[in-house]
Amino acid sequence: MLDEVFEVVFDVILELVPTVILKIVLLLAGLVAVAVGVPLLADSPLVGGALTVVGAAAVIGVLASWVL
């Protein structure tokens, strides 16, 4: 039941917001994650590396979706 509610809410959000806006938000979130993750590499390599990898994957994924 709870899964169906989340699915309906998620579908409504995806219908209202164009995909270009979602891609821009994901691109900015990825850039922020990389910008936060790189300085953290010196203090906490595990957290900094995870943020950097997730952010880079988000940025590369958005850019690849626009190119392809």
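Annotations
- Test: residue in segment 8-20 that is surrounded by 15 or more Cβ atoms within 10 Å (Cβ to Cβ) and free of Cβ contacts under 8 Å to residues at least 60 places away in the same chain: no
- Subset of segment 21-52 that is farther than 14 Å from Leu63 by Cα and touching a residue at least 24 places away in the same chain (Cβ under 8 Å) - its residue that is most open to solvent (accessible area, probe 1.4 Å): Val34
- Residue that is touching a Gly at 6+ places or on another chain (Cβ under 8 Å) and of a type outside the set (Val, Ile, Thr), where the choices are Ala64, Ala33: Ala33
The values are calculated or read from the model by the stated rules, or taken from the named source; none is laboratory data. From a predicted model like this one, the values you see are computed outputs, not experimental measurements. Quick reminder, even Gly has a Cβ in these numbers, built from the backbone with ideal geometry, and neighbours come from all protein chains shown. Please note that ligands, DNA and RNA were not included when accessible areas were found on the heavy atoms of the full protein model with its side chains. Shrake-Rupley method; radii C 1.70, N 1.55, O 1.52, S 1.80 Å.
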